[in-house]
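S.K.: Sharing a structure with you now.
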Amino acid sequence: MDHVHEVVAGNRYPGRGVLWARTLSGALCGGYFLTGRSTASKARTICRGDRELIVSPTGESDHDPLRHYAAARERGGWLVFGNGEQVGVVSDRLQETGSPTQALGGLEYEPDPPIFTPRITVVADLSSSRDAWFGAARRSRSGRTATDVLTLAVRDLEPGDAVLMTTYRSDGHHVATGEPFLEARTGAADRDELLQELWGSLTPELRVAVAVFEPGRLADAAIRNETSAL
């Protein structure tokens, strides 16, 4: 099985990505990473909010809901993270239903032709040491406009196991919707090493930000932003 750094490095422009992994020390970690090609997409940073991680513009910029959003939120016993404003929607639904499958249902892909970026989201139960659910709202590759919704339950990761989704897959020239999900191995011993593994795997001229966090400890997330690395 490929390692996380091989999977990520082999996808020159992954867009945005979510990851759920168990480090070699046994700690479960969530991860979120951003890349960008346009000036506006690159001018972003991940910062801490109130029980949230927020993707914000650098400098003065109007709010763009496709670029600026709460990327992770802990509330009511659940951790939710993903690539857009659906993070808040899913978090609110979980308070009502307590069902990750229901909370992840009915989402739509982004209205950004021609690529129609998928909405990718991870839900983790803070009362459990093993359960997470991946959700993806994707446009059909056949051209159907109806949204295909994928829900994947991930349980009992062993040390070194990782599951991830990316919005795109690219060879550097052509960009297409990412694979439904990918499994890989990580050699990271802990949260900080996992952050470095992701950061070092992203194409340097496209990477924007990476955050890695343990469930229940979102406020202590390890974050690296390209703007602060310059």
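S.K.: Mind jotting down the distance between the C-alpha centroids of region 144-194 and region 44-74, whole Å?
M.R.: Using only Cα atoms, the two centres lie 22 Å from each other.
S.K.: Need one number: the % of Cα-Cα pairs in region 60-135 sitting beyond the 20 Å mark.
M.R.: Looking at region 60-135, the distances longer than 20 Å represent 31 percent of pairs.
S.K.: To two decimal places, what compactness ratio does region 130-221 give when its Cα radius of gyration is scaled by 2.2 N^0.38 Å?
M.R.: 1.25
S.K.: Given only helices, namely DSSP H runs of n ≥ 4 each adding -39500 (n - 2.57), what is the per-residue ellipticity at 222 nm of the chain, to the nearest 500 deg cm²/dmol?
M.R.: Calculated at 222 nm, the ellipticity per residue is -4500 deg cm²/dmol.
S.K.: Find out how many positive minus negative residues lie around residue 25, taking Lys and Arg as positive, Asp and Glu as negative, among other residues whose Cβ is under 10 Å from that of residue 25.
M.R.: Once positives and negatives cancel, what remains is 0.
S.K.: Moving to a separate point now. If you place +1 on the Cβ of every Lys and Arg, -1 on the Cβ of every Asp and Glu, and leave all else neutral, what size is the dipole of the chain about its Cα centre, to the nearest 20 Debye?
M.R.: That gives a dipole near 360 debye.
S.K.: According to the square roots a ≥ b ≥ c of the eigenvalues of the Cα gyration tensor, what is the shape class of region 98-180, taking rounded for a/c under 1.5, prolate for a/b larger than b/c otherwise, and oblate for the remainder?
M.R.: Note, shape of region 98-180 comes out oblate.
S.K.: Taking amide H positions as placed in the peptide plane 1.01 Å from N, state which residues far from residue 78 in sequence (5 or more) or on other chains have amide H under 5 Å from it.
M.R.: Close amide H contacts, sequence-distant or interchain: 126.
S.K.: Any chance you could list P(r) for region 4-223, counting all Cα-Cα pairs in 5 angstrom bins from zero, rounded to whole %?
M.R.: 1, 7, 16, 21, 22, 18, 10, 4, 1
Computed from the coordinates by the stated procedures, all read-outs in this text should not be read as laboratory data. Every value quoted in this text rests on a predicted model; they were computed, and no experiment measured them. Neighbour counts are summed over all protein chains in view; Cβ atoms, including those assigned to glycine, are modelled from backbone coordinates with ideal geometry.
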